[in-house]
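The next block holds one structure in the form of structure tokens; read it before the comments.
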Amino acid sequence: QVQVVESGGGLVQAGGSLRLSCAASGRAFSINAMGWYRQAPGKLRELVARISSGGNTNYADSVKGRFTISRDNAKNTVYLQMKNLKPEDTAVYYCNAEGFFGGGYLGDYWGQGTQVTVSS
């Protein structure tokens with residue numbers, strides 16, 4: 001019922017910037033919180049940033065001051081502006097969206113992931 005698609009990953013040098021985008025789409029649904037997570041090879045998926053429907057944000061300590069999450073509720077789209085990228089930011093970045101229909105919680109939906117690689 002809800003499809004989530006990320007884009008914007010790529011290869012950048014340390015100190016560079018990237019902007020990730022994620023759009024959620026489907027029939028007869030609404031999106032509450034949306035967020036970005038990342039996973040490096042052999043490691044657990046971790047929270048990068050999350051934003052509520054009301055605009056409250058939460059960031060991992062490692063990205064505070066460098067990454068900014070924002071959203072366009074009309075388009076069910078969330079963005080992650082990443083600045084001053086570091087090699088340790090290298091990972092597959094996944095978008096997450098909480099789906100609702102009326103008063104019912106449909107579940108958490110995940111995108112396919114987009115690769116971010118930071119060279120030094």
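Here are a few things to note about the model shown:
- Relative contact order [Cα under 8 Å, 6+ residues apart], region 24-120, whole percent: 29
- Of all lysines in the structure, those lying under 17 Å Cα to Cα from K83, and not within fewer than 8 positions of it along the same chain, are K64.
- Computed over protein heavy atoms with a 1.4 Å probe, the carbon and sulfur contribution to the accessible area of region 1-113 reaches 48%.
- Gain upon complete extension [N32, S62; 0.36 nm per residue less C-alpha separation]: 8.3 nm
- Evaluated over region 1-68, the Cα radius of gyration and Dmax, each in Å: 13.8, 42
- At the listed q of 0.13, 0.20 Å⁻¹, the Debye profile of the chain, built from one uniform point per Cα, gives log10 I(q)/I(0) equal to -0.47, -1.04.
- Looking at region 1-117, the accessible area is 52 square angstrom per residue; that uses a 1.4 Å probe and ignores ligands, DNA and RNA.
The values are calculated or read from the model by the stated rules, or taken from the named source; none is laboratory data. This structure is a prediction, so every number in the text was calculated from the model and none was measured. Ligands, DNA and RNA are stripped out before the accessible areas are found, and what is left, the full protein with its side chains, is counted by its heavy atoms. Shrake-Rupley method; radii C 1.70, N 1.55, O 1.52, S 1.80 Å.
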